[in-house]
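The structure appears below as structure tokens.
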Amino acid sequence: MLIVVACFIARSKDLMVTVILFSIYGLLCASFFMLMDAVDVAFTEAAVGAGISPLLMLITLASVGRFQQAGRYPVVLIGFIGAVLGGLLVWATLGMPMFGDALAPVHQHVAPRYIEESGVEVGVPNIVTSVLASYRAFDTLGEVVVIFTAGVGVLSLLGGGSYQKRFLIDRIIDREEHKILRVVSKILIPPILLFALYVQFHGDYGPGGGFQAGVIFAAGVVLYTLFFGLKVVQQVISEMSVRVLAALGVLLYGCVGLVSLLKGHNYLDYYALAANPKTGQHLGILVIELGVGITVASVMILFFYTFARNFGGRGAVS
Amino acid sequence: MSLMSGLFNYWAVAALLLIGLGIVVWQGNLIKKLVGLSIFQTAVFIFYISVGKVAGGTAPILDDSYSQYSNPLPHVLILTAIVVGIATTALALALVIRIKASYGSVEESDINGQDK
């Protein structure tokens, strides 16, 4: 099914259709991840792939126009190259271990250690969380910094510009006031935000964590903006506060590392945080996940604010 | 397990990779290219998650009633990769908006033509 949708995406000339198909594709992907036992990944993909990412593309479409020109090369040429590449890829898979094989090399390296020891060493039931926030905390710090940097990048490209009294997007939202959608969204949004907080703070025990919570929270806020307008939502969460929070999240993460450094341990060594090792790990994971969640949520909301402010391609001034 | 069912996931990944790559190379529209790139990206995600699956395993959340878990490491990598992916996509979209503002088009041929 994924392939079918992907084919339609490749064929459609109308970019609006493309983006909506892409959203369906994201949802299908999320269901697939669910089937593959990757519940944490499914959460993230559902919020990002089906929600935020197509939405940002749609807003961009408003500035760049919705129809595109045809492809550049003859289909036969592309088909030929595709067939050769595809043949090579399929040939390569013949050497792969069978799908679901428990003895495959990937499952022999570090994974058994994570599965067997993390319960004792970290004391958190969700192995994904303990790998993400404890064993590979350096990686995760790097990734959070990348996200933050992307936020700064988008701001430097599209930020600035004049703060209008009324945003163009608001005028459109107000003109086509969808009463039913507004009421439904009012019922839906509090549970979404609540669920995000649950995912954030329950990530040690069930599926969840900072990344998932961040994107779900952002999706809730974005939904609200779509129905009530940028002006209204910015009275609650101002753009400045989002900018500050994005930086604060990264700082919070980094400071946990500094605290353990100051206590004479390695950077991001949570055993330094409390006398009882498990309490230390728990505390460390909770705080850095909070940092991750804050940064991810604020950067996503920031993306949306910045894009929405440029809605219609008018604000693109340097 | 037969060859077909044992490798089907990887073949699907190969197909998605090709579709994504095809869109990136073939289409001139920058937004379409980004969608293609995202498809390419998710194909890689699907590959990782497929590799991590263990038959008969369950989601990697420790519980006394299960002993077989899927590999948690790919999940961690992909989980963060998705969020990083949307961040970079947003950056790319921002670039596209700026390109539209200065060139008046997001078609590659138009942009190349103006640069000459």
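The values are calculated or read from the model by the stated rules, or taken from the named source; none is laboratory data. Small disclaimer: the values here were computed from a predicted structure and weren't measured. Ideal geometry is used to build each Cβ from the backbone, glycine not excepted, and the neighbour counts take in all protein chains shown. Accessible surface areas use protein heavy atoms only, side chains included; no ligands, DNA or RNA. Shrake-Rupley method; radii C 1.70, N 1.55, O 1.52, S 1.80 Å.
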Which listed residue is open to solvent by 30 Å² or more (accessible area, probe 1.4 Å), at pLDDT 80 or above and either among the hydroxyl-bearing types (Ser, Thr, Tyr) or in contact with a helix residue (DSSP H, G or I) (Cβ under 6 Å, 6 or more places away or on another chain) (or both), from A:VAL244, A:VAL287, A:VAL250: A:VAL287
How about the range A:243-298: which of its residues are small (Gly, Ala, Ser) and either outside the structural domain of A:LEU197 (by TED's automatic domain parsing) or farther than 23 Å from A:VAL199 by Cα (or both)? A:GLY257, A:SER260, A:GLY264, A:ALA272, A:ALA274, A:ALA275
Would you confirm whether or not the range B:32-41 contains a residue that is within 22 Å of the chain's Cα centre (by Cα), open to solvent by 30 Å² or more (accessible area, probe 1.4 Å) and among the hydrophobic types (A, V, I, L, M, F, W, C)? yes
Considering every residue within the range A:136-145, establish whether at least one is at pLDDT below 75 and either assigned by TED's automatic domain parsing to the domain that holds A:PHE303 or open to solvent by less than 40 Å² (accessible area, probe 1.4 Å) (or both). no
Exclusive hit being open to solvent by 40 Å² or more (accessible area, probe 1.4 Å) and more than 20 Å from A:ALA219 (Cα to Cα), set A:PHE43, A:PHE80, A:PHE148: A:PHE80
Would you confirm whether or not the range A:124-133 contains a residue that is in contact with a helix residue (DSSP H, G or I) (Cβ under 6 Å, 6 or more places away or on another chain), open to solvent by 30 Å² or more (accessible area, probe 1.4 Å) and at the interface with chain B (Cβ under 9 Å from one of its Cβ atoms)? no
Mind telling me which of the residues B:ASP63, B:ASP110 ends up being free of Cβ contacts under 8 Å to residues at least 24 places away in the same chain and not in a helix (DSSP H, G or I)? B:ASP63
Look at A:ILE216 and say whether it is assigned by TED's automatic domain parsing to the domain that holds A:THR140 and either modelled with pLDDT of 85 or more or buried (at least 20 other Cβ atoms within 10 Å of the Cβ) (or both). yes
Among the candidates B:ILE99, B:ILE82, B:ILE78, which residue alone is touching a Ser or Thr at 6+ places or on another chain (Cβ under 9 Å) and either polar (S, T, N, Q) or more than 7 Å from chain A (Cβ to nearest Cβ) (or both)? B:ILE99
Pairs needed: first member in the range A:88-117, free of Cβ contacts under 8 Å to residues at least 60 places away in the same chain; second member anywhere, open to solvent by 70 Å² or more (accessible area, probe 1.4 Å) and of a type in the set (A, V, I, L, M); C-beta distance under 9 Å; at least 6 residues apart or different chains. A:LEU94/B:LEU3; A:PRO97/A:LEU103; A:MET98/B:MET1; A:MET98/B:LEU3; A:PHE99/B:MET1; A:GLY100/B:MET1; A:ASP101/B:MET1
